[in-house]
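In what follows, a single structure is set out as structure tokens and then discussed.
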Amino acid sequence: MEDVLQKYLPERAVIPCFDLIKVNGVHLKIVNHRVTRHGDYRRMPNGMHQITVNASLNKYRFLITLVHEIAHLVAFEKFGRRIKPHGLEWKRTFQQLMLPFIRPEIFPTKLLPVIANHFKNPKASSSTDAKLAIALKTFDIEEREHSYVFELPLGSTFRIHNGKLFKRGNKRVKRYECVEIATGRLYLFQPNAEVEQVN
């Protein structure tokens, strides 16, 4: 398992992550890219703890996602199954598990302040923290073919992954109002949503 983890994690995070996996009895599956999620945790009918993480993630996002999912397991075991999946108990657990990793031996120096800020109050997904998502994206291996919604000019048309077309509107507090062209319905997009500009 350590050999496998070396392919997906920062070098200095491999042994501590392997220990977390072992101590918590995790069955880790590294799976093909999923558009809707980076990873997930579920307790199997036989009582086994299964965590899946996308193989397509860069090593820093992989680390955050793996610890995020282990935090679900630990929080449920400690506080019971009735807690909110991303409630206070999970947040505190995630912060505690992540703290030993927030070091310059593991994360690049320019990423550390963004990560430290995120972990003051971790979100349900690293993708909903636009600053963190954009900072992590700079470490992706493949070239970025798409634009972020916040980069598009007001009124421009764009396509999302499922082919639907939208027109970019004004920024509300944190997100952007965008109108689906086919239906006229208004949607709110995270600033870091990756889209393909059409015009």
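Read-outs: derived from the displayed coordinates by stated rules, not from any lab. In this text, all values refer to a predicted model and were calculated from it rather than measured experimentally. Every residue, glycine as well, gets a Cβ built from its backbone with ideal geometry; the counts of neighbours run over all protein chains shown.
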*Fewest first, what order do D40, D19 take by the number of other Cβ atoms within 10 Å?*
D19, D40
_As a test of the formula, what do you get for the chain when each DSSP H run with n ≥ 4 contributes -39,500 (n - 2.57) and the sum is divided by the residue count, at 222 nm and rounded to the nearest 500 deg cm²/dmol?_
-9500 deg cm²/dmol
*How far is helix 59-79 tilted, in degrees, relative to the longest principal axis of the Cα atoms in the chain, given as a value from 0 to 90 rounded to the nearest 10?*
60
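Tally Lys/Arg at +1 and Asp/Glu at -1 over every other residue whose Cβ is under 11 Å from the Cβ of Y187; what's the total?
Value of the local net charge: +3.
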_Suppose we keep just the DSSP beta bridges with both residues in the chain; what percent of those would be antiparallel, to 5?_
75
*Name the trypsin sites (Lys or Arg not before Pro) in the stretch 15-54 that are in a loop by DSSP and that have at most 15 other C-beta atoms within 10 Å, would you?*
R34, R37
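So if I place +1 on the C-beta of Lys and Arg and -1 on the C-beta of Asp and Glu, and nothing else carries charge, what would the dipole magnitude of the stretch 147-197 be about its Cα centre? I want it in debye, nearest 20.
Dipole magnitude for the stretch 147-197 comes out near 200 debye.
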_Using only Cα atoms and rounding to the nearest 10 degrees, what angle (0 to 90) does helix 14-23 make with the longest principal axis of the chain?_
70
*If we sort 188-197, 79-88 on the protection proxy, mean other Cβ atoms within 10 Å, highest first, what's the order?*
188-197, 79-88
*When a footprinting reagent is the concern and you count Cβ atoms within 10 Å, what order do Y187, Y176, Y60 take, fewest first?*
Y187, Y176, Y60
*For S126, S147, what's the fewest-to-most ordering of other Cβ within 10 Å of each Cβ?*
S147, S126
*Give the cross-link partners of K59 among the lysines, using a straight C-alpha distance below 25 Å as the criterion and excluding same-chain residues fewer than 8 apart.*
K7, K22, K29, K91, K110, K120, K123, K131, K137
*Just grab the label-to-label distance for E177 and L165, each label 7 Å out from Cα along the Cβ direction, in nm (one decimal).*
2.2
